[in-house]
Every structure is written in structure tokens, then in C-alpha cells.
Amino acid sequence: MLPIEKLPEPQDLLDYKRESSAPTYDGFTAFRQERNDAGNRIPRNETPFYKLREQLLREQKFVCAYCGQKVLQVENQHGKAQMKTEHFLPQNDEAGNDLNYQNLLGCCLGNDNKKGKNHCDSMKGDKVLQQITNPAAMQCRDEDIIYKVNNASEEVQLDTSNDNKRKELIGDTKGCLNLNHDHLRKERFSIFKNVLKRRLGEDQTQWNFQEVQRLISDYDDSSDGHHKAFKDFVTWYLRDWLVKNQSNTSRR
Ligand SMILES: [Zn+2]
């Protein structure tokens, strides 16, 4: 999980909150249908609702706030949503979190409408995460999160050194994030195999220090406005490898 640096709250959202007598997030989404002064429906991608979602993706550098997989589009070319707007604190509470911009995150679809279990927002639902910090309030990555590569089963598991957080992170029941969903474990391993091993070599004991550092730098570089998929796993894993191998006297 990576920290999110929020952009200024969109003016459309501020205007809606000021102008509406009883503003709600669901009310704001009705802006989807908004028409211009001439009564013509404005293009979908110019509606305040669409632009809000687009900004969520932009400030998160086009990855899901929880699992870190790529989320490149608000909608596909057929108008089908490719993301969800997550309320970190539940939408319908009494504390006004419904339209608090800091509380809004962009999430992947979380396997919604597909067979099998969900993950991310789609699994969490309206539950309050007690142990996990809102990524928009984090200063650095969640250092309690670690990863375990399993070459035999070809998957990468997320784990945590903090027992209190385990259930919320990887529990596979409603209210948890289920970040070890089959799809996520396999996708992380795919990056391990096709990026790390391809670039650094099959044998981890022979990886070159400078090459490892260069790959970390590549992953840390988001100057094109995009994080790479599963950046948190890759950068954590490579830094951990450096620490574990730095004590070796035979530096390669
Ligand atoms: Zn996700």
C-alpha cells in the first residue's frame, strides 16, 4: 500500500457541496447526466462525476489504492466502469465522510461481477478498517506489509509483521481487503518472473547489486505520472534483498 498525495479538491465538488441543500455523494454522481446551457447532454468524460474519478486515478498514478494493480481508465470505450470510488470511512455514516474528498479513493473493480471472491473495496464494503491507515493520510508505505515469493506454487503472498492488521489485509471475508486473492498472488508472481528474474537473472544469489539498485530506481520513478503495477511489492522485495545480501563479503 502506497501513500497517496491528494490534489486540491475538484472545484465541481466544492460547487456542488455549496449549492446543494442536502449534498450527498450519490447526488453528486447524478452529474453524470448533466446538460449544458443549451440543453445538450455534455460528453461523459466532461461531467463532474467523471472528472472526479479521473482525478482520483491521476493522484494515485493510475494504480488501485489498495492492491496496486493498474487502473488506467474511468470507463472503457463502451462506457463500462473500470474503477470504483471507495469511501475509506463508510459513505453513509453521520460524520460527513460521504463527500470528504480526503476520504475518497480510486479502486480496481476487485473481481466484482466475476466468479469467485472479491478483493479491495468490493470485499471491504462499508466496514471500517480499524488497523489500516487511509493511504491518503500515509507519509510512507505501510512498513508492516511484507511479501513472500513461492516459486513452487508460482505466487507471491502479501503478509504482515503486525498481527492486528493481518485479518483486515488478507482476510477473505466481507469487510476485509483480501489482498491475497488468487488473481493478485498470481499477478505479483508474473511481475517477479517476467520483470525481476528476466532482468536480474534466474538465480537470486547471483543478482548484481547495481542492477538491483537500478531496478529499484526505475520502479521509484513515476515522472510520467504512472506507478508501475505492484510497485510496493517490487521495491520492498528488492530493498529486502539488498539488506539480506549486503552482509555478503563477495560483492558482485
Ligand atoms: Zn485493487
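The values are calculated or read from the model by the stated rules, or taken from the named source; none is laboratory data. Quick caveat: nothing in here was measured; it's all calculated off a predicted structure. In this analysis, Cβ positions are derived from the backbone assuming ideal geometry, glycine residues included, and neighbour counts consider all displayed protein chains.
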Answer yes or no as to whether Gln77 is over 26 Å from Lys174 (Cα atoms), away from the ligand (no atom under 16 Å from the Cβ) and part of a loop (DSSP other than H, G, I, E, B).
yes
Checking the structure you have, find out if any residue of segment 99-106 is in contact with a helix residue (DSSP H, G or I) (Cβ under 6 Å, 6 or more places away or on another chain), in a loop (DSSP other than H, G, I, E, B) and within 16 Å of the ligand (Cβ to nearest atom).
no
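Inside segment 107-117, can you point out the residues that are in a loop (DSSP other than H, G, I, E, B) and either touching a Lys or Arg at 6+ places or on another chain (Cβ under 7 Å) or near the ligand (Cβ under 10 Å from one of its atoms) (or both)?
Initial filter on segment 107-117 (in a loop (DSSP other than H, G, I, E, B)): 108-117.
Correct list: Cys108, Leu109, Gly110, Asn111.
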Only one of these is surrounded by 14 or more Cβ atoms within 10 Å (Cβ to Cβ) and in contact with a Phe, Trp or Tyr (Cβ under 8 Å, 6 or more places away or on another chain): Thr29, Thr24. Name it.
Thr29
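Please determine whether any residue of segment 215-224 is in contact with a Phe, Trp or Tyr (Cβ under 9 Å, 6 or more places away or on another chain) and crowded, with 17+ Cβ neighbours inside 10 Å. Don't jump to the end; show me each part of the working.
Of all residues in segment 215-224, those in contact with a Phe, Trp or Tyr (Cβ under 9 Å, 6 or more places away or on another chain) come to none.
Checked against the condition, which is being in contact with a Phe, Trp or Tyr (Cβ under 9 Å, 6 or more places away or on another chain) and crowded, with 17+ Cβ neighbours inside 10 Å, segment 215-224 yields no hits at all.
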If I ask for residues that are more than 16 Å from the ligand (Cβ to nearest atom) and of a type in the set (A, V, I, L, M, F, W, C), which ones from segment 80-98 would you list?
Leu89, Ala95
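When segment 121-178 is examined, which residues are found to be of a type in the set (Asp, Glu), outside any helix (DSSP H, G or I) and either at pLDDT 95 or above or under 26 Å from Trp241 (Cβ atoms) (or both)?
At the first step, the residues of segment 121-178 found to be of a type in the set (Asp, Glu) are 121, 126, 142-144, 154-155, 159, 163, 168, 172.
In the following step, the residues that additionally are outside any helix (DSSP H, G or I) were identified as 126, 142-144, 154-155, 159, 172.
Correct list: Asp142, Glu143, Asp144, Glu154, Glu155, Asp159, Asp172.
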Exactly one condition in (1) over 16 Å from Asn150 (Cα atoms); (2) part of a helix (DSSP H, G or I) is not met by Tyr237; state its number.
(1)
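On the basis of being modelled with pLDDT of 95 or more and over 23 Å from Leu13 (Cβ atoms), does Gln102 make the cut? Break it down into steps so the answer makes sense when it comes.
On the way: modelled with pLDDT of 95 or more: yes; over 23 Å from Leu13 (Cβ atoms): no.
No, not satisfied.
Quick one: which residue in Ser190, Ser161 is hydroxyl-bearing (Ser, Thr, Tyr), more than 14 Å from the ligand (Cβ to nearest atom), under 21 Å from Val63 (Cα atoms) and surrounded by fewer than 16 Cβ atoms within 10 Å (Cβ to Cβ)? First the steps, then the outcome.
Details: Ser161 fails: under 21 Å from Val63 (Cα atoms).
Selected residue: Ser190, the only one of Ser190, Ser161 that is hydroxyl-bearing (Ser, Thr, Tyr), more than 14 Å from the ligand (Cβ to nearest atom), under 21 Å from Val63 (Cα atoms) and surrounded by fewer than 16 Cβ atoms within 10 Å (Cβ to Cβ).
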Close pairs (7 angstrom Cβ cut-off, 6 or more residues apart or separate chains): under 16 Å from Lys228 (Cβ atoms) and in a helix (DSSP H, G or I) in segment 45-65, of a type outside the set (D, E, K, R) and within 16 Å of the ligand (Cβ to nearest atom) anywhere
Leu57/Val71; Leu57/Val74; Leu57/Met83; Leu57/Gly106
